[in-house]
Amino acid sequence: QVQLVESGGGLVQPGGSLRLSCAASGIAFSLYVMEWYRQAPGKQRDMVARITSYGTVNYAEAVKGRFTISRDNAENTVFLQMDNLKPEDTAVYYCHAVPTRIGRDYWGQGTQVTVSS
């Protein structure tokens with residue numbers, strides 16, 4: 001059974017930091033591109049950051065310079081370090097695994113991030 005379990009969300013003041021984790025099980029983790037998405041109330045789900053098996057990263061313009069994605073293939077975990085958080089970063093953050101070969105993708109259940117004073 002495939003599971004993607006996010007953790008690390010919470011309430012933080014503007015300018016603060018959070019580190020999200022997504023632990024994967026049931027997949028060959030190193031063969032998946034890992035992505036973080038977020039969805040604010042009433043808005044579509046948008047990609048925030050992506051990291052390939054080899055460590056190539058991409059970021060949405062809104063988070064460049066503030067967020068850092070990384071992965072530990074030995075621990076089957078992907079991370080999202082979020083610094084200088086802004087109220088507009090408030091959303092549910094989802095982990096997404098995309099196969100580099102034929103197969104289906106998988107989503108985590110999401111973790112709430114709230115940036116407010």
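Restricting to the stretch 55-74, name every residue that is open to solvent by 60 Å² or more (accessible area, probe 1.4 Å), under 16 Å from R19 (Cα atoms) and not small (G, A, S).
Answer for the stretch 55-74, where residues must be open to solvent by 60 Å² or more (accessible area, probe 1.4 Å), under 16 Å from R19 (Cα atoms) and not small (G, A, S): K64, T68.
Please give the number of the condition G65 fails out of (1) closer than 13 Å to G9 by Cβ; (2) part of a loop (DSSP other than H, G, I, E, B).
So G65 meets the others, but not (1).
Could you tell me whether the stretch 38-54 includes any residue that is open to solvent by 70 Å² or more (accessible area, probe 1.4 Å), under 19 Å from T68 (Cβ atoms) and at pLDDT below 95?
yes
Mind checking whether some residue in the stretch 17-32 is touching a helix residue (DSSP H, G or I) at 6+ places or on another chain (Cβ under 7 Å), open to solvent by 20 Å² or more (accessible area, probe 1.4 Å), over 16 Å from E6 (Cα atoms) and outside any strand (DSSP E or B)?
no
For the stretch 69-113, give me each residue that is polar (S, T, N, Q) and touching a helix residue (DSSP H, G or I) at 6+ places or on another chain (Cβ under 9 Å).
The answer is N73, N76, T77, T100.
Looking at (1) of a type outside the set (S, T, Y); (2) touching a residue at least 40 places away in the same chain (Cβ under 8 Å); (3) farther than 21 Å from Q1 by Cα; (4) open to solvent by 40 Å² or more (accessible area, probe 1.4 Å), which is the one condition that is false for R101?
For R101, the failing item is (3).
If I ask for residues that are crowded, with 21+ Cβ neighbours inside 10 Å and either in contact with a Leu (Cβ under 8 Å, 6 or more places away or on another chain) or in a loop (DSSP other than H, G, I, E, B) (or both), which ones from the stretch 80-95 would you list?
Correct list: L80, M82, L85, Y93, C95.
Is it true that S116 is in contact with a helix residue (DSSP H, G or I) (Cβ under 8 Å, 6 or more places away or on another chain) and either on the phi < 0 side of the Ramachandran plot or open to solvent by less than 60 Å² (accessible area, probe 1.4 Å) (or both)?
yes
The values are calculated or read from the model by the stated rules, or taken from the named source; none is laboratory data. Remember, it's a predicted structure, so these values are computed and weren't measured experimentally. Glycine gets a Cβ as well: all are built from the backbone with ideal geometry, and neighbour counts include every protein chain shown. Accessible surface is based on the protein model in full, side chains and every heavy atom, while ligands, DNA and RNA are left aside. Shrake-Rupley method; radii C 1.70, N 1.55, O 1.52, S 1.80 Å.
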